[in-house]
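> Would you mind keeping the following structure in view while I ask a few things?
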There are 2 protein chains.
Amino acid sequence: MDPTAIAILGGTGDQGLGLALRFAKAGRPVVIGSRKLERAQAAADEVRAAVPGAGVEGLDNADAVGKAPIVILSVPFEHTAGTVKAVRERLTPEHVVVSMGVPLATAIGDGAVRTVGVWQGSCAELVASLLPEGVPVVSAFQNVSAHRLRELAHPVECDVVVSGPPAPRKVVLALCELVPGLRGVDGGPLANARYVEGVTALLIGLNVRYKVPEGVGVRFTGLPD
Amino acid sequence: MDPTAIAILGGTGDQGLGLALRFAKAGRPVVIGSRKLERAQAAADEVRAAVPGAGVEGLDNADAVGKAPIVILSVPFEHTAGTVKAVRERLTPEHVVVSMGVPLATAIGDGAVRTVGVWQGSCAELVASLLPEGVPVVSAFQNVSAHRLRELAHPVECDVVVSGPPAPRKVVLALCELVPGLRGVDGGPLANARYVEGVTALLIGLNVRYKVPEGVGVRFTGLPD
């Protein structure tokens, strides 16, 4: 396993593919995971076309997990539990699992400007509850616009609140710095993910009301440099 | 009733007094309400000392409501229902009630970095549920630092998400523009207050982790000018 590799499960979706492009552009090996191998391979081709020389491959989700110590879950909320259950036997305490999902009410056929309640408190804590003991989960990237991630010529201009256990939290804070315009912000314990996930629904409403298809982002003011 | 007056119930507290100072400085008549008349009057004296010529008076909460069409609730969450019940008979559909409370877990003796669940969905919706039919409620100002409000020489540097019915929402969006550095952002329907209130708990955690006693704020990126 390449210790610098980053796996993105659901990396064929808009936001996952956006992160794949950005991490590949930063020179990191990227493994795109999907339930369907062909879709993963097609997404990997897309990254290679946009980022010449990118170290990227497409695999099915379970194989992708075996190739990278950092595993980002970028699947719609309704596929989160299923995806985690399909790969969890391959996850170890040496992995860092990153939850970027949001329990948008689209999962039940309602709108993306609302959320559904999650018994565990948040999507990130749902993920944590399904993993073998000792596998760390960190919450991040929920509020980063897919559209802006994919515009490689422009910085993204968004803060990323990173929540989870201290050591893996630092790993993910460092990941944020790979993407121009992203800033990782120390979001404390994983349970704070509930607040960060709620912001996503708010931002989606702002995108609609202010007609910003590129996506509104968030910055915190007053933080030390 | 002066149509430009702003009443702030709980205006003797840090954040309410901060808003009173800012609105007085912008030339608006301000009525500070408190459960105790003497405390309201002392706070009014404090505003007059900081803002020479300020049009400010201190009254008990129920009398304050009779003096202004805009009524801002700036009381700790655990006093919200009691305060609303004490004044609701004097509130009319011509009022705009502004909820700036957050259901911080301090209400039950736990910490300010966490919230408690509110049956109605948010503090703002709790307030709405307690008011006579037709009295509009708007949610705003939750994430504005009291410390920064009180530093009159400096802009506040924070966006204010304003949620509620369209017409009163516009009234409160205009209020935001009275304070240098605040920007009102159209937050859609009142139910979105739950997401905005959650951000407060997140910001309080950031203040602690990053040692920013002045208070971290929030800005949205990508909004049209």
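Bear in mind that the values in this text are calculations on the coordinates, not laboratory data. Source: prediction; values computed, not measured. We place every Cβ from the backbone using ideal geometry, glycine too, and count neighbours over all the protein chains shown.
> Give the long-range amide H neighbours of B:THR115: residues separated by 5 or more places, or on another chain, with amide H under 5 Å away, using H modelled in the peptide plane at 1.01 Å from N.
B:ALA105
> Size of the dipole of the stretch B:1-67 about the Cα centre, Lys and Arg at +1 and Asp and Glu at -1 on the beta carbon, nothing else charged, in debye to 20?
Values: 8 positive and 8 negative charges, 33 e Å.
Once rounded to the nearest 20, the dipole reads 160 debye.
> Straight-line reach from A:LYS170: which lysines have a Cα under 23 Å away, not including same-chain ones fewer than 8 places off?
List returned: A:LYS25, A:LYS67, B:LYS211.
> Averaged across A:191-201, how many Cβ atoms of other chains sit within 10 Å of each residue's Cβ atom? Kindly include the intermediate steps, with their values, before the conclusion.
Values: counts 2, 7, 0, 5, 12, 3, 2, 8, 8, 1, 3.
The mean count of partner-chain Cβ atoms within 10 Å per residue comes to 5.
> Of all DSSP beta bridges in the stretch A:95-225, what percent run antiparallel (nearest 5)?
20 percent
> A follow-up question, please. Scan around B:VAL30 for amide H atoms under 5 Å from its own, H built in the peptide plane at 1.01 Å from N, and keep only partners 5 or more places away or cross-chain.
Those lying under 5 Å, H to H, from B:VAL30 are B:ILE6, B:GLY55, B:VAL56, B:GLU57.
> If the only charges are +1 at each Lys and Arg Cβ and -1 at each Asp and Glu Cβ, what is the size of the charge dipole of the stretch A:93-164 around the Cα centre, to the nearest 20 debye?
In total the dipole reaches around 200 debye.
> Could I get the Rg over Rh figure for chain A? Both from C-alpha atoms, Rh via Kirkwood, rounded to two places.
With Rg and the Kirkwood Rh in hand, the quotient comes to 0.93.
> So what's the back-of-envelope 222 nm ellipticity for the protein assembly as shown, counting only DSSP H runs of four-plus at -39500 (n - 2.57) apiece and dividing by all residues, rounded to 500?
-10500 deg cm²/dmol
> With a sphere of radius 14 Å drawn around the Cβ of B:ALA191, what net charge do the other residues whose Cβ falls strictly inside it have (Lys, Arg +1; Asp, Glu -1)?
On the way: positive: A:ARG114, B:ARG169, B:ARG194; negative: A:ASP110, B:GLU125, B:GLU197.
Residues close to B:ALA191 contribute a combined charge of 0.
> To the nearest 20 Debye, how big is the dipole of chain A about its Cα centre, given +1 on the beta carbon of each Lys and Arg and -1 on that of each Asp and Glu? Show your work: numbers first, answer last.
Numbers: 21 positive and 22 negative charges, 50 e Å.
So the magnitude is around 240 debye.
> Which residue, A:ALA20, A:ALA112, A:ALA43, has the most motion in a Gaussian network model of chain A that connects Cα atoms within less than 10 Å?
Of the options given, A:ALA112 has the highest mean-square fluctuation.
> Can you tell me how the stretch B:102-148 classifies by the Cα gyration tensor, rounded, prolate or oblate, using a/c under 1.5 as the rounded cut?
Oblate shape, in that a/c is at least 1.5 and b/c is the bigger or equal ratio.
> Calculate the radius of gyration of the Cα atoms of the stretch A:107-225 to one decimal place, then report Dmax, the largest Cα-Cα distance, as a whole number, both in Å.
Using the Cα atoms of the stretch A:107-225, the pair Rg, Dmax is 14.8, 44 Å.
> Roughly how large, in nm² to one decimal, is the mean projection of the convex hull of the alpha-carbon atoms in the stretch B:3-118? Intermediate values should be presented prior to the final figure.
Numbers: hull surface 29.2 nm².
If you wrap the Cα atoms of the stretch B:3-118 in a convex hull and average its projections, you get 7.3 nm².
> Something else about it: Per the Cauchy relation, a quarter of the hull surface: what is the mean projected area of the convex hull of the alpha carbons in the protein assembly as shown, in nm²?
For the Cα atoms of the protein assembly as shown, the hull's average projected area reads 21.1 nm².
> What are the DSSP H helices in chain B that stretch 15 Å or more along their long axis, judged by alpha-carbon atoms, and whose average Kyte-Doolittle hydropathy comes to at least 1.0?
Numbers: long enough: B:14-25 (17 Å, 0.13); B:37-50 (20 Å, -0.30); B:166-176 (16 Å, 0.95); B:193-209 (25 Å, 0.78).
Helix filter hits for chain B: none.
> A further question follows. Work out the mean other chain Cβ neighbour count within 10 Å for the residues of A:142-149 and drop it here as an integer.
The per-residue average across the peptide is 1.
> HN-Hα J couplings of the stretch B:63-76 from phi, Karplus 6.51/-1.76/1.60, θ = phi - 60°, integer Hz, Gly and Pro as x?
Running phi through 6.51 cos²θ - 1.76 cosθ + 1.60 with θ = phi - 60° gives 5, 4, 4, x, 9, 8, x, 10, 10, 9, 8, 10, 10, x Hz.
> Could you give each residue of the stretch A:153-160 its phi-based ³J(HN,Hα) in whole Hz, using Karplus coefficients 6.51, -1.76, 1.60 with θ = phi - 60°, and x for Gly or Pro?
Ordered by residue, 3J(HN,Hα) equals 7, 10, x, 8, 6, 7, 8, 10 Hz.
> Can I ask one more? Could you check what % of the DSSP bridge pairs in the protein assembly as shown are antiparallel, to the nearest 5?
Of those bridges, close to 15 percent are antiparallel.
> Please average, across the residues of A:157-164, the number of beta carbons from any other chain that are within 10 Å of each residue's own beta carbon, and give a whole number.
Numbers: counts 2, 3, 3, 0, 4, 0, 2, 0.
The per-residue average across the peptide is 2.
> Amide H neighbours of A:VAL138 under 5 Å, at least 5 residues apart or on other chains, H built in the peptide plane: list them.
A:VAL97, A:VAL98, A:SER99
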